[in-house]
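Just so you know, all these numbers are worked out from the coordinates, no wet-lab data involved. Note that the coordinates shown come from a computational prediction; the quantities given were computed from them, not determined experimentally. All Cβ positions, even for glycine, are placed from backbone atoms using ideal geometry, and neighbour counts span all protein chains on display.
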Amino acid sequence: MELQAVLMAAGGGSRMPDLTYNTPKPMLPVGNKPLMWHPLNLLERVGFEEVIVITTKEVQKMMSTDPKMKDVKMKLDVVCIQEDGDMGTADALRHIQQKIKTDVLVVSCDLITDVALHEVVDLFRAHNATLAMLMSKAHDFTETVPGQKGKKKTGEQRDFVGVDQSGKRLLFMANEADLEDGLSIRKSIMRKHPRMHIKTGLVDAHLYCLKKAVVDFLADNKSISSIRGELLPYLVRKQFSKTTNCPKSKDDADDQTQKTADGSTNSTELLICSRDEPLLQLAQERSCWNDHRGDMSEAYHGGKLRCYVHIMDQGLCYRVNTLAAYIEANRLASKLLEEPAVHPSAVISERCQMGPDSIIGAQCQVADKTSIKRSTIGNSTTVKEKVKVTNSIIMHGVTIEEGCNIHGCVICSNAVIGRGADLKYCLVGNGQQIEAEAERTNEVIVGTDQLMEI
Amino acid sequence: MAESGVTDGLCNTDDIERSKTEGKELTKEEKQRLRKEKKQQKKNKEKNDEKTSHEGEKKKNKKKKEEQPAGSASQPPAQPSPKAVPAPAPPPPAAAAVPVPASEAPAPADKPAKSKADLKAERRARQEAERASKGKKGDVGQPAPTGKLKAPPSELQPVVKRLPEHVQVDNPEVVKKLAKKLERQQTPGCNAAENVKIPLRSDYGYKVSLFSHLHQYSRKAPLTQQLGIPSTVIHPAIVRLGLQYSQGIVAGSNARSVALLHAFQQVIRDYTTPPNEELSRDLVNKLKPYISFLNQCRPLSASMGNAIKYIKKEISNIPSQCKEEEAKIKLLNCIERYINEKIVLAAKAIAKYSIEKISDGDVILVYGCSSLVNHILCEAFEKKRKFRVIVVDSRPRLEGREALRRLVQKGISCTYVLISAVSYILPEVSKVFLGAHALLANGYVMSRVGTSQIALVAKAFNVPVLVCCETYKFCERVQTDSFVSNELDDPDDLIVTRKGKTQLEHWQKVPSLGLLNLVYDVTPPDFVDLVITDLGMIPCTSVPVVLRVKNVDQ
């Protein structure tokens, strides 16, 4: 077997608390399908047959009842972890170490993309890399986000990513938060790769191909808890570390006792470095290929640990972890899905105006003289007469009474919008009730119980 | 004698008829033979008329009796041809066939009893009967060349050797056949329902008409696009290898063979014999789709072909009572041994021979990056020979840079030129060392494109050209030009960006423009002075001898 897929669906959605206080993030509807359906669909399309899903008990329960999840034909091996425990992604991988038998492809549940996955995996295969990841050029979100006061803050910490001239080899990765004085690059890296492109406007898709040795390394090093935050920068740094490059001491690798006797750092180096068998070594020696030119070193500068990145410049790639991303993803979901925009079981009266980019879920009831443009309407929603819904996301089980005017809103499940209400850029929480003739603009309307959570 | 001549003639004329119907032109030989046979038949007619009045029948009878079984055996199952000897009406074949063997024995005893004419008539009747019965039996089959028939007729039978499929890309029927073959080569995985086929890689871009019979692929459209990601159909090691071939990460015929054998080792390690199957047969069948896959990624080299033949032979030679584990270990050891003998030790032997040819003060010219030539030069340098090297390089691969790096790293003083400067630099050169991709059976050297030019210019300057090649690269193919069988690389490699401008960026839109990126060319043996192999230093024309010796060994 070549690759095992692991879907990380235990995240809390801490950046969009209004949406996730009732529905866990993996089950938020995007294009009327749960959020985690999208990466699963990507894996299924590409040819995976089994996926290990790491999630919470709550999500598992919801998964088993959701009809859309039954569409997924792959075998899902669900592993539950405690929700409140501070389990990072690396901790989760360590938790399932026993199940991992081969190289692993880690995907986050909030990734919506149409990338040709073979591009990432080909880098992993062809260069025998330890890590291959996917990144994308960030698109600005143009939609107004409900509840956002003032300008969009650019306080989001930037990621600095350094790639080599071909744009494939990952040389440097750091987050602005970790760089206090400035960005410093080691001389050894500059000597080996004199031309480096440093990019800041990239979105990390959280899709990683990792060698099995990395998972074993995690099992030994319990201090690493997050893949993105700690493991990745560690691996990228380790590419150029002196210990991985100089000794080709294969006897050390075979000597089991030495591993346990040495300090943990030594053994872990040996674990990560891809143990090149002698025939592969011979083939590389005889091959007249080099990945760089201009200096005296052999291919890959003799380094055994290599990290690669595939940067997408065209195509969709969204990580739905903020409200703005969620709205954008819903807008574009209709492009991704191959199903018809209007579910066949929805009852839509003939005098309703529906724009082409709208998605109507199952068992909806849309009455006369309504106008629905650029919106997503969830399952079992009732929309009464003379309602205008534009640019909005309406989740499941919502009732919208007559005469409402909803523009740019996000209305969560089981909400009731009273007659004649006029909502602009609002976020209505779960099960909320908006009274009739209400006029709200740019507000977040949630229940009192949610206000206690901080 | 005359009879045998007749039968021989009959056989040959049938062949000629067949070849005529197939629409081939008769060669001079065949025409001569036709003429001979016609003469013979005329003579036979005259002789037959004279037979009745001729004396010394007993001798003739005896000879004819002896020749009869041979004659009847060598009779082809031919259609009754109009040129056949006019014979009396054949008696019923059943009656005639039976008495033939019976009559042979008592006939000599009965000879004096019957009259000569009667005997002759009987014989003729028998022969006709046999011919008719054999004609009824074997109309369809081809004549089996017997001991009597000499070599020339057999040349006529398989008149045209079928061209391999990879050099018939412009023939749509052949392409369809190849697609079907790939479909059939499905590997039944653990789910028999999921028989995914090996995808067919499509050609890219406009192909120059002279080479339209070859495949031309684009590096940006790898074959893995059409495969599922956790590749279950094809072993992951083979997918990785195919990717490395198509991206050029593993290049050079030695490196490719070693990598191929390494991948096969992994395949064998992960192999389990399915129930009711034998390892020796099933494993070979498993390897076939992998080989087609690799062929689609990059056409196989001659050395890889020989390695595959060796592996297949080893696998089929595994006795059926051998246990799976033992068999696997045996195969893995075979592979290790093959690599050790044919590549590593061969390189050492060739280095030893070549060092004798390198003297102090030599100026050696090398072309491109041949792993063997680099190895030789490094060894010679370690043995304290004083020489300097001129590395000649050519676009678009620019492999000479890698050769330059390896030599300079050792401490050898090098000069670097492009191939356009070869005639300017040759007056300084004392020897030319070239590597080879394959050595063909007629003594031609197949190597990187540009090698034949270097050999030609060196010949013009009277500089000795030495080709270094291991014996496992010797190939039984025969080629006299570089068009028939070659490899077309990605034409986009020829596009270069200088100062931000890419002139050839939209070459596909210009209808009269075609980009050609050839990989190999053949050098005739007149330009090569010596071939250094692990068996010794041989002239180019001794290659078929080595091949014959190898075949006898096996």
Inset, instruction - Would you give the gap between the C-alpha center of the range B:438-480 and the C-alpha center of the range A:287-331, rounded to a whole Å? - result: 42 Å
Legend entry - Modelled label reach - B:Thr272, point 7 Å along Cα→Cβ, the range A:96-110 residues with backbone N closer than 20 Å: A:99-103
Inset, instruction - Once you have the Cα-Cα distance between B:Gln226 and B:Glu336, take 0.36 nm times their residue separation minus that, and quote the gain in nm to one decimal. - result: 36.3 nm
Legend entry - Helix-only mean residue ellipticity at 222 nm for chain A, each DSSP H run of n ≥ 4 adding -39500 (n - 2.57), per residue, nearest 500: -6500 deg cm²/dmol
Legend entry - Of A:Lys25/A:Lys211; A:Lys304/B:Lys286; A:Lys168/A:Lys238; B:Lys181/B:Lys286, those spanning more than 21 Å from alpha-carbon to alpha-carbon: A:Lys25/A:Lys211; A:Lys304/B:Lys286
Legend entry - Using a Förster distance of 30 Å, the FRET efficiency for A:Thr200-A:His95 (Cβ separation, nearest 0.05): 0.35
Inset, instruction - Evaluate peptide B:217-223: per residue, the Cβ atoms of other protein chains within 10 Å of its Cβ; return the mean as an integer. - result: 1
Inset, instruction - Multiply the residue gap between B:Asp360 and B:Ser202 by 0.36 nm, knock off their C-alpha separation, and tell me the result in nm, one decimal place. - result: 51.7 nm
Inset, instruction - Within the range B:412-447, which residues have the backbone N less than 18 Å from the label spot 7 Å out from B:Phe461 along Cα→beta-carbon, could you tell me? - result: B:413-435
Legend entry - Projected label distance in nm at B:Arg477 and B:Glu505, using a 7 Å step from Cα toward the beta-carbon: 3.8 nm
Legend entry - Average other protein chain Cβ within 10 Å of Cβ, residues B:246-255: 5
Legend entry - Cα→Cβ-extended label distance, 7 Å offset, between A:Ser241 and A:Met74, nm: 3.1 nm
Legend entry - Packing-based exposure ordering (other Cβ within 10 Å, fewest first) of B:Cys334, A:Cys80: A:Cys80, B:Cys334
Legend entry - Rounded tilt (10° steps) of A:323-336 against the dominant C-alpha axis of chain A: 90 degrees
Legend entry - A:Leu179 versus B:Arg184: modelled label distance in nm, points set 7 Å from Cα along the beta carbon direction: 6.1 nm
Legend entry - Cut-off under 5 Å, modelled amide H: who pairs with A:Ile434 long-range: A:Val416, A:Ile417, A:Gly418
Inset, instruction - Just add up the charged neighbours of A:Val389: K/R +1, D/E -1, any other residue whose Cβ is under 13 Å from the Cβ of A:Val389. - result: +2
Inset, instruction - Return the FRET efficiency for the residue pair A:Arg45, B:Met537: r is the Cβ-Cβ distance, R0 is 45 Å, and the value is rounded to the nearest 0.05. - result: 0.15
